[in-house]
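Novice: Take this structure, written in structure tokens, and hold onto it; I'll ask about it next.
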Amino acid sequence: MDIASEIRAEAARQHLSQRKLAELMGAPRTTVSKKIIGERKITGVDLESFSQALKVPAWELVRRAEEAAEKKAS
């Protein structure tokens, strides 16, 4: 499961730049960037912050990531 990919996809659907996403999260842009490109792990706290900034429940982001992984595996 690649939650970072789903976060990137959702941000793109909402036309949010990394800078705007970081601003909404109250986090440095470089930190957000490293997390959504996979350089740093996304923790549960991070997931909740992304979820709130994107206005999408964390469970929905996880579900989408799991669904994408299942499609990729088949």
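Novice: Among the aspartates and glutamates, which have Cα under 20 Å from the Cα of LYS20 when same-chain residues fewer than 8 positions away are ignored?
Specialist: Leaving aside aspartates and glutamates fewer than 8 places away in the same chain, those within reach of LYS20 are GLU6, GLU10, GLU39, ASP46, GLU48.
Novice: Return one whole number: the accessible area per residue of the chain in Å², for a 1.4 Å probe.
Specialist: Here the residues of the chain average 65 Å² of exposed surface.
Novice: Continuing with this model, one more query. Equivalent-ellipsoid semi-axes (√(5λ), Cα gyration tensor) for the chain, whole Å, largest first?
Specialist: Whole-Å semi-axes of the equivalent ellipsoid: 20, 12, 11.
Novice: Name the residues of region 54-74 whose amide N is less than 16 Å from a point 7 angstrom out from the Cα of GLN14 along the C-beta direction?
Specialist: 54-65
Novice: Tally up the carbon and sulfur contribution to the accessible surface of region 1-41 as a whole percent, 1.4 Å probe, everything protein left in place.
Specialist: 49 percent
Novice: Something else now. Select from GLY26, LEU47, ALA4 the residue farthest towards the positive end of the dipole of the chain; place +1 on Cβ of Lys and Arg, -1 on Cβ of Asp and Glu, and compute about the Cα centre.
Specialist: GLY26
Novice: Which length gain, in nm to one decimal place, applies between LYS71 and ILE37 when the Cα-Cα distance is subtracted from 0.36 nm times their residue separation?
Specialist: 10.2 nm
The values are calculated or read from the model by the stated rules, or taken from the named source; none is laboratory data. Everything quoted here is computed from the prediction, not taken from an experiment. Because the Cβ atoms are built from the backbone with ideal geometry, glycine has one as well, and the counts that use them run over all protein chains shown. Side chains are part of the model used for accessible areas, which takes the heavy atoms of the whole protein and leaves out ligands, DNA and RNA. Shrake-Rupley method; radii C 1.70, N 1.55, O 1.52, S 1.80 Å.
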